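Enquirer: Take a look at the following structure, please.
The values are calculated or read from the model by the stated rules, or taken from the named source; none is laboratory data. From a predicted model like this one, the values you see are computed outputs, not experimental measurements. Note: ideal-geometry Cβ built from the backbone for every residue, glycine included; neighbour counts use all protein chains shown.
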Amino acid sequence: MNVSTAQRKGLKDGDPVWVESKEGVKKKAVLRTTEAVHDEVLAAPGIFGHWATKMPQSKDKGFNVNAFIPISLDRIDSLSSALDSCVKVRVERAD
């Protein structure tokens with residue numbers, strides 16, 4: 001999240017937050033702030049979260065960002081068959 005956006009929301013780097021979509025997907029995450037993203041954008045790595053048992057240092061950290069992307073025909077580009085991965089979410093502090 002952009003630093004100024006986080007400050008406006010009363011958040012800071014390292015805060016635990018809830019990320020929730022209007023479709024009801026809600027995941028807990030650790031907020032990282034940066035000047036490298038637009039102030040209206042929440043950037044998330046395109047990973048599936050860590051689940052491998054042989055990676056104890058990162059097991060159960062992160063979340064599957066794809067869970068936030070609803071799959072429906074109106075979200076598919078008819079020319080390229082690409083799925084629109086832009087999703088509106090709400091971010092709030094997790095206590």
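Enquirer: Here is a list of conditions, (1) modelled with pLDDT of 90 or more; (2) of a type in the set (A, V, I, L, M); (3) assigned to a loop (DSSP other than H, G, I, E, B), and residue 47 meets all of them except one; can you say which number that is?
Expert: (1)
Enquirer: So which residues in region 1-32 are touching a Phe, Trp or Tyr at 6+ places or on another chain (Cβ under 9 Å) and in a loop (DSSP other than H, G, I, E, B), if there are any at all?
Expert: 23, 25
Enquirer: If we keep just the residues of region 5-22 that are surrounded by fewer than 13 Cβ atoms within 10 Å (Cβ to Cβ) and under 14 Å from the mean Cα position of the chain (by Cα), which is modelled with the lowest pLDDT?
Expert: The residue in question is 22.
Enquirer: Name the single residue that is nearest to residue 95 (Cα to Cα) among those in region 33-44 being part of a loop (DSSP other than H, G, I, E, B) and over 11 Å from the mean Cα position of the chain (by Cα).
Expert: Start the filter on region 33-44 by keeping residues that are part of a loop (DSSP other than H, G, I, E, B), which leaves 33, 35-44.
Retained after the next criterion (residues that are over 11 Å from the mean Cα position of the chain (by Cα)): 33, 35-40.
Values: 33: 19, 35: 25, 36: 27, 37: 25, 38: 26, 39: 24, 40: 24 Å.
Top of the filtered list is 33.
Enquirer: Considering only residues that are in contact with a Leu (Cβ under 9 Å, 6 or more places away or on another chain), assigned to a loop (DSSP other than H, G, I, E, B) and over 14 Å from residue 23 (Cβ atoms), which ones fall in region 64-92?
Expert: If the condition is that a residue be in contact with a Leu (Cβ under 9 Å, 6 or more places away or on another chain), assigned to a loop (DSSP other than H, G, I, E, B) and over 14 Å from residue 23 (Cβ atoms), then 77 is the only one that fits.
Enquirer: Kindly evaluate residue 60 against the criterion of being at pLDDT below 80 and of a type in the set (D, E, K, R).
Expert: So residue 60 fits the description; yes.
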